[in-house]
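Notes for the one structure printed next.
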Amino acid sequence: MNLTFFSSSRTRFALIFQLAALCLFGFALTRSILLIQAWPFMDNFSSDWFYIFGQGLVYDLAFIGYFYIPFVLFFLILPNKWLSRRIVIYIVQAGAFMVLYGFGFCMVAEWYFWKEFNVRFNFISVDYLVYRREVTDNILQSYPVLFILPLLLVFAGLLFCFIRPAVLRTLCVKETFKKRAAIAGLMLLLPLISLGIIDQSQRSLSDNNYVNELASNGPYQLFSAFRNNRLDYRQFYASEDDHDLSIRLKDHVMKGSCVSDKEVYNITRDVRAQGPAKKLNVMLITVESLSSRFLTRFGEKKDITPFMDKWFSQGMLFTNFYATGTRTTRGLEAITLSIPPTPGRSIVKRPDNSRMFTLGKVFKDLGYDTAFLYGGRGFFENMNAFFSGNGYRIVDQSCLTGNEVTFKNAWGVCDGDLYRRAIHEANQACRKQKPFFFHLMTTSNHQPFTFPDGKIDLISGEGKDGSGRLGGVKYTDYALEELMTQARAEPWFKDTIFVVVADHCASSAGKVGLPVEKYHIPLFIYSPGHIPSKEVDTLASQIDLAPTLLCLLDISYESFFFGENILSSDFEGRALIANYQKLGLLKKEELLFLSPGKQINRIILNHGEPVLEKISRNYPGVKELMAYYQGADYVFIHRLNRWHEFPDNLTQNRILPGANI
């Protein structure tokens with residue numbers, strides 16, 4: 001590439017053209033490298049390559065058009081007499097160098113992001129910008145940053161030395177404001193056209209998710225995700241008449257419960273237990289990234305969960321259970337609110353998410369000490385604000401004293417430290433003769449997978465000297481065993497139910513639609529003398545956990561849960577799974593899902609390659625699919641599941657007869 005080509009055009013804007021050409025080359029190189037990484041998932045490259053590189057070029061140009069707007073305006077308004085000033089020369093050179101360095105950093109970041117998530121920048125990367133402390137610490141502990149950054153500095157310096165003569169020649173060009181305005185106007189047409197015709201819909205033309213991701217542009221996706229952190233359901237998704245879908249939703253969820261049909265999607269109903277409520281404590285443990293595949297029961301061969309493999313045979317194990325989403329906040333949302341995921345960001349992270357009908361509120365109204373215990377800083381992902389706004393007492397990393405913290409990394413204290421604090425909190429409640437409901441969220445099974453030395457036979461951390469994910473899972477298993485050993489020695493143990501469930505799987509990327517196998521997680525409920533030992537293979541998902549747990553405790557309550565009791569004889573097996581755009585309903589042999597652009601798709605599930613096909617609104621199951629997700633969107637927007645805002649003809653989260661403990 002002749003980098004001095006544009007300088008011969010005798011315009012100060014030549015520098016922008018030069019940097020744009022370098023960026024286009026870098027984007028194409030990045031796309032090629034990622035393509036090599038994704039090669040095993042390519043079906044027919046001979047037909048995909050034009051879309052990958054052609055559509056990719058369109059997104060590349062769109063991003064460049066947006067990115068260079070301030071540079072175009074700078075050269076437009078800069079008077080000719082200032083071109084030769086030393087400060088301007090330094091600023092322009094520094095700016096050119098920073099563009100080169102920043103672009104190199106972006107290429108490396110995309111590689112590592114793809115390596116971890118198999119996608120271009122998306123909502124996760126937005127969180128990486130918002131929660132800088134946790135993410136920065138995680139990056140420093142996970143990647144060879146101190147090697148990469150200086151290397152990029154050298155590379156950018158060499159490239160800058162190569163183009164510096166052209167940069168200086170550009171600053172020698174004097175041109176009239178009229179000429180500058182004409183050139184700037186033409187250059188600003190690119191972002192203007194991009195704004196009008198380029199959006200996310202152009203990156204969903206293939207049935208192969210990897211192909212669509214490769215046809216994208218990472219930085220463009222980053223800013224798009226930041227701008228569109230909530231998708232308007234009615235604008236982007238296929239919808240139907242609310243009254244009709246409301247009737248269908250009530251038929252599925254309420255099972256004939258008596259309630260007025262005057263309010264659309266109002267699924268408030270009385271859930272009455274058959275017997276007196278059991279006065280049992282509950283310790284609900286949400287384990288970071290505990291995919292079912294890590295357990296020997298589901299095919300793992302490396303014996304990394306020896307305790308759970310044995311323990312899970314001593315209680316009630318749900319073997320056909322699925323996470324609703326791919327992020328921690330999605331798992332917490334589904335478990336706590338029993339509501340399907342809405343497109344965009346989780347309700348946990350949205351404003352105006354307090355006083356909602358939650359699992360914790362049911363226990364709190366029954367006199368339980370209700371608390372959320374998190375191994376990290378609860379500011380992350382807005383967890384503290386969400387749980388405290390919904391009646392939970394908060395115990396996070398900042399609440400632990402120096403003596404309580406034996407090990408911590410970027411994401412928080414080790415699981416062992418969190419569990420020991422949970423034991424302490426349980427003892428406090430026991431001394432007050434108060435039942436407790438504690439919802440724990442762990443952090444150890446998360447990159448950089450570091451944990452206390454000497455606990456297991458694997459080495460902490462990632463890289464060539466660390467055990468990585470395997471070590472994280474095995475330490476997670478060790479910490480759970482330690483928790484149970486300590487709990488069995490406490491007086492409250494015999495009256496406590498332990499629930500173990502994952503927030504999501506360890507990875508979520510897949511080739512077609514929503515990769516069902518990457519949503520499969522364990523749900524385990526344990527309490528000797530209260531919970532029978534058996535396996536339940538009924539298809540269900542995280543929104544069903546709360547109703548099932550309350551049923552096991554024979555608690556009567558007023559419900560606004562979308563989920564149902566899995567153990568009920570009339571429960572129809574199904575699971576709701578989604579990512580931030582695709583919204584799915586999983587049945588035994590197929591997955592139906594909605595996508596932006598008002599698309600409706602079906603994946604046929606069998607033991608071979610999944611088959612994706614487009615379907616119409618009249619396909620069996622589509623109305624049920626739409627009822628769940630359109631209903632959830634309506635409920636949140638219209639604040640129907642707020643315990644202090646029920647209509648006058650309904651009670652305000654009253655405790656029902658038979659609920660006394």
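For PHE162 and PHE379, the difference between the fully extended length at 0.36 nm per residue and the C-alpha to C-alpha distance is 73.6 nm. Between GLY367 and any residue 5 or more places off or on another chain, the built amide H atoms are never under 5 Å apart. Distance from the Cα centroid of the stretch 157-195 to that of the stretch 21-66 is 25 Å (rounded to whole angstrom). Taking amide hydrogens as placed 1.01 Å from N in the peptide plane, the amide H of ILE521 sits under 5 Å from those of SER292, PHE321, TYR322, ALA323, each at least 5 positions away in sequence or on another chain.
Near ASP60, once Lys and Arg are set to +1 and Asp and Glu to -1 for all other residues with Cβ below 15 Å from its Cβ, the sum equals +1. Within straight cross-link reach of LYS361, meaning Cα distance under 18 Å, which lysines are found once same-chain residues fewer than 8 apart are removed? Cα-Cα hits under 18 Å: LYS278, LYS279, LYS434.
Modelled spin-label separation between GLN235 and TRP39, with each label point placed 7 Å from Cα along the Cα-to-Cβ direction: 4.1 nm. How many angstrom separate the Cα center of the stretch 397-427 from the Cα center of the stretch 284-332? Centre-to-centre distance over Cα atoms comes out at 22 Å. Diffusion of the stretch 375-431 by Stokes-Einstein, at 20 °C in a medium of 1.002 mPa s and with Rh set to the Kirkwood radius over alpha-carbon pairs, works out to 178 µm²/s.
Remark: the chain carries a charge dipole of roughly 2380 debye about the Cα centre, counting +1 on each Lys and Arg Cβ and -1 on each Asp and Glu Cβ. Once the C-beta distance of ARG272 and LEU153 is scaled by a Förster radius of 56 Å, the resulting FRET efficiency is 0.25 to the nearest 0.05. Round to a whole angstrom and tell me the spacing of the C-alpha centers of the stretch 541-620 and the stretch 483-508. If we compute the Cα centre of each part, the gap is 26 Å.
From largest to smallest, the equivalent ellipsoid semi-axes obtained for the stretch 242-637 from the alpha-carbon gyration tensor read 32, 26, 19 Å.
The antiparallel fraction among DSSP beta bridges confined to the chain stands at about 55%. The value obtained for the stretch 562-620, namely the Cα convex hull volume divided by the number of residues, is 119 Å³ per residue. Estimated at 0.36 nm per residue, the fully extended path between VAL88 and ARG639 surpasses their Cα-Cα distance by 192.9 nm.
Give me the log10 of I(q) over I(0) for the stretch 505-584 at q = 0.12, 0.19, 0.21, 0.22 Å⁻¹, as the Debye formula computes it from C-alpha points; what are the numbers? Treating every Cα as an identical point scatterer, log10 I(q)/I(0) equals -0.43, -0.94, -1.07, -1.13. Rounded to whole numbers, the Karplus 3J(HN,Hα) couplings from phi for the stretch 157-166 are x, 5, 5, 5, 4, 5, 9, 4, x, 5 Hz, using 6.51 cos²θ - 1.76 cosθ + 1.60 with θ = phi - 60°, and x at Gly and Pro.
Once the chain from LEU29 to ARG293 is taken as fully extended at 0.36 nm per residue, the excess over their C-alpha distance is 91.6 nm. One quarter of the surface of the convex hull around the alpha-carbon atoms of the chain equals 32.4 nm², the direction-averaged projected area. Stokes-Einstein D for the stretch 369-526 at 37 °C, 0.692 mPa s, Kirkwood Rh over Cα pairs, in µm²/s? Using the Kirkwood radius from Cα pairs, D works out to 194 µm²/s. Residues of the stretch 579-603 falling in the label zone of LYS614, defined by backbone nitrogen less than 18 Å from a point 7 Å along Cα to beta-carbon, are 582-583, 592-603. The local environment of TYR220, defined by Cβ-Cβ distances under 10 Å, has a net charge of +1 under the rule Lys, Arg +1 and Asp, Glu -1.
Taken over the stretch 452-589, the ratio of Cα radius of gyration to 2.2 N^0.38 Å equals 1.28. Measuring max minus min along each principal axis, the C-alpha atoms of the stretch 6-229 give extents of 55, 40, 33 Å (largest first).
Approximating the spin labels as points 7 Å out from Cα along Cα→Cβ, the LYS434-to-LYS534 distance works out to 3.6 nm.
Read the figures in this text as sums done on the coordinates, not as results from a lab. Since we're looking at a predicted model, the values are computed, not measured. Reconstructed Cβ throughout: ideal geometry from the backbone, glycine too, with neighbour counts over all protein chains shown.
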